[in-house]
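To keep things clear, I will list the structure first and then write my remarks on it.
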Amino acid sequence: MTTVLSDAALSSAANPLDDAQAQLAAAVQTLGYGEGLHRLLASPRREITVSIPLRRDDGSVEVLTGYRVQHNFSRGPAKGGLRYSPDVSLDEVRALAMWMTWKCALLDVPYGGAKGGITIDPRKYSKQELERVTRRYTSEIMPVIGPEKDIPAPDIGTDEQTMAWMMDTYSVNMGYTVPGIVTGKPVSVGGSLGRSSATSQGVVHVSLAALAHAGISPSKATAAVQGFGKVGAGTARFLADAGVKVIAVSDQYGAIQADSGLDIVALERHMGETGTVIGFAGAEPIPGANLLELEVDLLVPAAVEGVLHEGNAHKVSAKIIVEGANGPTTGAADRILAGNGVLVVPDILANAGGVIVSYFEWVQGNQAYWWTAAEVAQRLKARMLAAWDNVLQEGSRRGVNLREAATLTAVERVADAHLTRGLYP
Ligand code: NAD
């Protein structure tokens, strides 16, 4: 029997909002902004907490809590995922919403940042129960979402089906079909080709660029990937396709390792059948925490925030970390990793492929004109690599690391938009 490791057991106790605020404060100081502008950038524009009464299949009633935080709209409608997790908190959602603002600005997609969450472990509920929760949450937040207001997308514990229910609920209430209300929806209801793999494709584009930057050829590189969900599984597969030897992966139940390289396609089949990477015949089980310390060229945390912290950062042996997850590295860990010469490619750059293709999906939906898979893939790659080059150049121009360079670029763009628009009244 497999044991579920709680996220809290594997991540630091740190509040991700502290890290997000500290990153902003450092950028504000470098950019020389005053207190008023700092506060404006630090404060969410709108936050909503809703109760979600759920009728369970057995007739009992449970009340869940839902959040939607819209951090900033200066550059366009708010945009961000919806997370289903029993531990989700308002501070976590606030941090994730702020990071979305910087991500959209860094990639120059015309959105602000938002994030949502519901306190639910989706594995413990039936499909019908999840549908009722999703529809009720959508109804509760309806006044503040819309294709020109705030556009949700999948995140941890949610998927294309969740987005289809959200779109249907919103559309039925409006009286007409509104494909632009969510992204990451199924292609059959206006989703974009290439959206489901976009985040992991983007992670791999920057991973290969970072390996090249470090003078490591993909065919000689080894990698470990934490998390085997929407981001982690695709990342492992596309890395393997590029010739990188993926020697270890993990999920919330534990980790597996095969020094000769994992057969990712067979592992995905095993995952589909059992719901976990544990028990895969082609590998040995290892403790989940050990994955982060393996001697690999590339480490991709693609699970939850705060997994690289003060207590384990000094044990990291990887040369490069590419943050598939949002906020996997705490501020304290960042300093330790920088001191040890580890190249950290920050989340707001590394995992931006999802929001880029979400933007493409929204554009296609609004125009009712769909692109080919090849067009989507080519535009995604071009944007990811342009952003990588830009962050690298900014880093060397300013003499700062990649996270600082990315945050400075993004914060400056959001502040510029805000200052140009001015304050009303
Ligand atoms: P998911 O729910 O599809 O997968 C999460 C995976 O992480 C699962 O395999 C789960 O078992 C594993 N996991 C959870 N806790 C773990 C732990 N403590 N140790 C090891 N593994 C653990 O979620 P996802 O969409 O793949 O999101 C993963 C991360 O990527 C999140 O930080 C999310 O915010 C970020 N992200 C997702 C997208 C997207 O398009 N889905 C885009 C950008 C960023």
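Which shape class applies to region 344-425: rounded if a/c is under 1.5, otherwise prolate when a/b exceeds b/c and oblate if not, where a ≥ b ≥ c are the square roots of the Cα gyration tensor eigenvalues?
oblate
Enter the accessible area of ILE145 (Å², nearest 10), with the probe set to 1.4 Å and all protein chains included.
0
Under the rule a/c < 1.5 gives rounded, and otherwise a/b versus b/c splits prolate from oblate, where does the chain land using the Cα gyration tensor?
Details: a/c = 1.43, a/b = 1.10, b/c = 1.30.
Rounded, because the longest to shortest axis ratio a/c is under 1.5.
Please work out the average accessible area per residue across region 13-177, using the 1.4 Å probe convention, and give it in Å². Could the numbers behind the result be given before it?
Working: 6550 Å² over 165 residues.
Accessible area per residue, region 13-177: 40 Å².
Taking Cα pairs under 8 Å and at least six residues apart, what relative contact order does region 180-298 come out at, in percent?
Details: 178 pairs, mean separation 27.4, N = 119.
Normalised by residue count, the contact order of region 180-298 is 23 percent.
Could you run the Karplus curve 6.51 cos²θ - 1.76 cosθ + 1.60 with θ = phi - 60° over region 97-111 and give me ³J(HN,Hα) per residue in whole Hz, x for Gly and Pro?
5, 5, 4, 5, 4, 5, 4, 5, 5, 4, 7, 6, 9, x, 10
Would you work out the relative contact order for region 277-425, in percent, from Cα pairs under 8 angstrom that are 6 or more residues apart?
16
Could you state the accessible area per residue of region 198-345 in Å², with a 1.4 Å probe and every protein chain left in place?
On the way: 5290 Å² over 148 residues.
That works out to 36 Å² per residue.
Check which residues have an amide H placed less than 5 Å from LYS79's amide H, if you skip close sequence neighbours.
GLY112, GLY113, ALA114, ILE151
Which lysines does LYS185 reach when only Cα atoms under 30 Å apart count, and residues fewer than 8 places away in its own chain are ignored?
Excluding near neighbours in sequence, the set is LYS79, LYS103, LYS115, LYS124, LYS127, LYS149, LYS230, LYS381.
I'd like the Karplus ³J(HN,Hα) series for region 402-416: coefficients 6.51, -1.76, 1.60, θ = phi - 60°, whole numbers in Hz, and an x wherever there's a Gly or Pro.
Listing the rounded values in order: 5, 5, 5, 4, 5, 5, 4, 4, 5, 4, 4, 5, 5, 5, 4 Hz.
Quick one: which residues, 5+ away or cross-chain, put their amide H under 5 Å from the amide H of VAL246? H built at 1.01 Å from N.
ALA223, LEU262
Using the Karplus curve 6.51 cos²θ - 1.76 cosθ + 1.60 with θ = phi - 60°, what ³J(HN,Hα) values do you get for each residue of region 71-79, in whole Hz, with x for Gly and Pro?
6, 7, 10, 4, 9, x, x, 6, 8
Counting each DSSP H run of 4 or more residues in the chain as -39500 (n - 2.57), what helix-only mean residue ellipticity at 222 nm follows after dividing by all residues, to the nearest 500 deg cm²/dmol?
Working: 14 runs with 188 residues, N = 425.
Calculated from helices alone, the mean residue ellipticity at 222 nm is -14000 deg cm²/dmol.
Amide H neighbours of THR65 under 5 Å, counting only residues 5+ apart in sequence or on other chains, H built in-plane at 1.01 Å?
Hits under the 5 Å cutoff: ILE52, THR119.
Rounded to two decimal places and with Rh computed the Kirkwood way over Cα pairs, what is Rg over Rh for region 13-177?
Values: Rg = 16.6 Å, Rh = 16.5 Å.
Radius of gyration relative to Kirkwood radius: 1.01.
Net charge around ASN401, counting only other residues with Cβ within less than 15 Å of its Cβ (Lys, Arg = +1; Asp, Glu = -1)? Mind dumping the intermediate values first?
Numbers: positive: LYS319, ARG335, ARG397, ARG398, ARG403; negative: ASP19, GLU323, ASP334, ASP347, GLU394, GLU404.
Residues close to ASN401 contribute a combined charge of -1.
Mind listing which chymotrypsin sites (Phe, Trp or Tyr not before Pro) in region 151-228 are in a DSSP loop and have 15 or fewer other Cβ atoms within 10 Å? Intermediate results must be reported in sequence, preceding the final value.
On the way: sites: TRP165, TYR170, TYR176, PHE228; in loops: TYR176, PHE228.
When the chymotrypsin sites (Phe, Trp or Tyr not before Pro) of region 151-228 are filtered for loop state and at most 15 Cβ neighbours within 10 Å, TYR176 remain.
Of the accessible area of the chain, with the probe set at 1.4 angstrom, what percent is carbon plus sulfur?
On the way: 8850 of 17140 Å².
So the carbon and sulfur contribution to the accessible surface is 52 percent.
The values are calculated or read from the model by the stated rules, or taken from the named source; none is laboratory data. Note that the structure is a prediction, hence the values are computed from the model and not measured. With ideal geometry, Cβ positions are generated from the backbone for all residues, glycine too; neighbour counts draw on all protein chains shown. Ligands, DNA and RNA are excluded from the accessible area calculation, which covers all protein heavy atoms including side chains. Shrake-Rupley method; radii C 1.70, N 1.55, O 1.52, S 1.80 Å.
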